[in-house]
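Structure, as structure tokens:
The values are calculated or read from the model by the stated rules, or taken from the named source; none is laboratory data. Bear in mind that the values here come from a model prediction, so they are computed numbers and not experimental data. Backbone-built Cβ (ideal geometry, glycine too); neighbour counts: all protein chains shown. Areas reflect the complete protein model, heavy atoms only, side chains present, ligands, DNA and RNA absent. Shrake-Rupley method; radii C 1.70, N 1.55, O 1.52, S 1.80 Å.
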Amino acid sequence: MVITLFITNIFSPNGDGSNDVFRVYLNQETSELLLKIYDRWGNIHHTTTDPNATWTAEDSRAILRSGVYIYHIQYKVIGESKERILSGSVTVVRRLKMLFSDCLSLIFQ
């Protein structure tokens, strides 16, 4: 059985409807899943067991800044006893629409 896992590696939660959330896509149903997202200091900002959940770079305290965050996923595919673990990074980019105009204003000052 080939298991395909697609994980967003960069997103811009700016509300434009395009690439606004972090999400894990898995081509097999899971019997267990645990996703945690940390900042660079090890603080947990998101935890879920829902395989269809999304993350918008917010936690219960605040909207998080642009930056690199670490994800850690533990999951089991239905019909298998083997737990799989995957870690990596995701970049949050805020103000993506304004980056070009910000650069131009800096150049022409």
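Tabulated values for the structure
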{"read-out": "Counted residues, segment 1-19 - those being part of a loop (DSSP other than H, G, I, E, B), of a type outside the set (Ser, Thr, Tyr) and farther than 24 Å from ARG65 by Cα", "value": "3"}
{"read-out": "Hits in segment 51-62 - residues which are part of a strand (DSSP E or B) and open to solvent by 60 Å² or more (accessible area, probe 1.4 Å)", "value": "THR54, GLU58"}
{"read-out": "Extreme residue, farthest from the chain's Cα centre (by Cα), among residues of segment 22-50 that are acidic (Asp, Glu) and surrounded by fewer than 11 Cβ atoms within 10 Å (Cβ to Cβ)", "value": "GLU29"}
{"read-out": "Test result for ILE10, in contact (Cβ under 8 Å) with a residue 12 or more places away in the chain, under 24 Å from GLU83 (Cα atoms), of a type in the set (Val, Ile, Thr) and open to solvent by 30 Å² or more (accessible area, probe 1.4 Å)", "value": "no"}
{"read-out": "Residue, modelled with the highest pLDDT, within segment 20-34, restricted to residues that are within 20 Å of SER81 (Cβ to Cβ) and outside any loop (DSSP other than H, G, I, E, B)", "value": "LEU34"}
{"read-out": "When residues of segment 63-109 are limited to those that are open to solvent by less than 50 Å² (accessible area, probe 1.4 Å) and part of a loop (DSSP other than H, G, I, E, B), the one modelled with the highest pLDDT", "value": "VAL93"}
{"read-out": "Inter-residue pairs, beta-carbon under 7 Å, first farther than 18 Å from GLY17 by Cβ and in segment 48-72, second assigned to a loop (DSSP other than H, G, I, E, B) and open to solvent by 70 Å² or more (accessible area, probe 1.4 Å), 6+ apart", "value": "VAL68/ARG40"}
